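Values quoted throughout were computed directly from the atomic coordinates according to the rules given, and no laboratory measurement underlies them. All of these numbers come straight from a predicted model, not from anything done at the bench. Counting neighbours? That spans all protein chains shown, and the Cβs are built from the backbone with ideal geometry, glycine included.
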Amino acid sequence: MHKGRVVFGAMDEVVFGRPASEALIEQLNRLGTKRAFLMVSGTLNRETDEIENIRRVLGPRCAGTFDAMPPHTPRAAVIAAADQARSAGADVIVTIGGGSITDGAKAVQLCLANDIRNPDDIDRIRSGRGASPQLSPPTVRQISVPTTIAGGEFSATAGVTNEKTRVKEALRHPLLMPRAVILDPWLGAHTPEWLWLSTGIRAVDHCVEGICSREAQPYGDAQALKGLSMLAQALPRVKADAKDLDARMDCQIGTWLSTGPLASGVPMGASHGIGYVLGAEFGVPHGYTSCVMLPAVMRWNMSANAERQALVAAAMGRPGADAGDVLDEFIRGLGMPRSLRDVKVGPEHFDRIALAAMATPWVPRNPRKIEGPAQVREILDMAA
């Protein structure tokens, strides 16, 4: 008998297939907000007119703009953005950019609500392995307009990197989930190809590890299988024609669906866990971690979940094939990196990575039981 729990998050709406500038005004009117603080991609702000167009449409409702969030959302940048939002008197945060900006705004929400004013004080609001911290709930909420397709805008968790320890730490609260997400394929056309495609593999990773989990259930499966099918068809179409807006829209909707397992309580596995360490400690881009690790994790897990892996191959249009091979060929076909060597992580670091990965939330919940760092090292050697 299936058993479990599906928690529906604090998101009101997802708007898709419409320009962000048009949909944003409707969302601000719906929420009754008057001082929107923009956290945006620096590249979009400085090298295109997209952000200026949105500022112009918002008019006096634009309270300020922050465009300096580095990859992996370091603590210092979160504090800088929170200080600026506080000074601006923001009553809503609008993010336009990738996952680091989305996570940064989630962290800013908690900083504003809990009077966090320096990087070390983030210790007071981060989630650890023990009891959750007592947090004041966010009152300045978020509207997210993603320009990459990793899917973090659909979760109530933020990953923030502690620069001192080089560890990516989790901040959690149900109200960190954006009030609304706007999926605008026109904005995505400005995203560099490598970033769009690699974050698309991150979304594939969400689908695959959700489907292959020991704790998979029908609600998450339904979304992940459809999301995986859409991504498997649409990502090569974007690579073939960057102006194919229908393909970009399918990528965005597939990414939305990819978050179904996580949103319904299904844990991820070793690809996500090892990826946390590669990102925080070695600066490997978020999407590249999945490109490098997912096929190796699938091959290592095959003895424990062959039937579930068969669902993955079928959803990707290759019924009966080995899922690890299907993923390997798919990622290579998109021109993405396929080894740790490709992302400049050598075997001399593997023992340290393996030890750190054991402390992540996901490695202990991998579908094939991982007893200790030696088994993580086996996976790393396969991905070398």
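What to note about this one:
- Dipole axis of segment 13-186 (+1 Lys, Arg; -1 Asp, Glu on Cβ), positive-most option in THR157, VAL14, PRO60: THR157
- Percent of beta bridges antiparallel (DSSP, segment 13-186, rounded to nearest 5): 25 percent
- Overall, the ratio between the Cα radius of gyration of segment 162-272 and 2.2 N^0.38 Å, rounded to two decimals, is 1.15.
- Taking amide hydrogens as placed 1.01 Å from N in the peptide plane, the amide H of THR147 sits under 5 Å from those of GLY97, GLY98, each at least 5 positions away in sequence or on another chain.
- Largest to smallest principal axis extent of the C-alpha atoms in the chain, angstrom: 59, 45, 44
- Calculated from backbone phi, Karplus (6.51, -1.76, 1.60) coupling profile of segment 220-232 in Hz, x at Gly/Pro: x, 4, 4, 6, 5, 5, 5, x, 5, 4, 5, 5, 5
- Among beta bridges that DSSP assigns inside the chain, antiparallel share in %, nearest 5: 25 percent
- Dipole of the chain computed with +1 at Lys/Arg Cβ and -1 at Asp/Glu Cβ about the Cα centre; of GLY372, MET249, VAL277, farthest Cα towards the positive end is GLY372.
- Annotation: average projected area of segment 288-328 is 2.6 square nanometres, based on the convex hull of Cα atoms across all directions.
- Most mobile listed residue (VAL277, VAL145, VAL326) in the chain, GNM with C-alpha springs under 10 Å: VAL326
- Between amide H atoms placed 1.01 Å from N, distances below 5 Å from GLU169 occur with VAL160, THR161, ASN162, all of them 5 or more places distant or on a separate chain.
- As a proxy for reagent exposure, TYR288, TYR219, TYR276 were ordered by neighbouring Cβ count within 10 angstrom, fewest first; the result is TYR219, TYR288, TYR276.
- Segment 253-310-segment 47-69 distance, computed between alpha-carbon centres (Å): 34 Å
- Counting only alpha carbon atoms, the long axis of helix 373-383 and the longest principal axis of the chain meet at about 90°.
- Percent of alpha-carbon pairs separated by more than 23 Å within segment 13-186: 32 percent
- Per-peptide packing, taken as the mean over residues of other Cβ atoms within 10 Å, places 369-375, 251-257, 228-234, 329-335 in the sequence 251-257, 228-234, 329-335, 369-375 from highest down.
- Segment 193-383 shape via C-alpha gyration tensor axes, a/c threshold 1.5: oblate
- Nearest-ten-degree value, helix 99-113 long axis tilted from longest Cα axis of the chain: 50 degrees
- The chain: calculated mean residue ellipticity at 222 nm from DSSP helix runs of at least 4, using -39500 (n - 2.57): -16000 deg cm²/dmol
- As a length-normalised measure over Cα pairs under 8 Å and 6 or more apart, the relative contact order of the chain settles at 15 percent.
- Expressed per residue, the C-alpha convex hull volume of segment 316-384 stands at 108 Å³.
- Residue-by-residue Karplus 3J(HN,Hα) for segment 166-176, coefficients 6.51, -1.76, 1.60, Hz, glycine and proline x: 6, 10, 8, 10, 9, 10, 9, 6, x, 8, 6
- Basic side chains Lys and Arg get +1 at the Cβ, acidic Asp and Glu get -1 at the Cβ, and with that the dipole of segment 193-383 about its Cα centre reaches some 80 debye.
- Among the listed pairs LYS168/LYS243; LYS106/LYS239; LYS164/LYS344; LYS168/LYS239; LYS106/LYS369; LYS3/LYS239, those whose Cα-Cα separation exceeds 29 Å are LYS168/LYS243; LYS106/LYS239; LYS168/LYS239; LYS106/LYS369; LYS3/LYS239.
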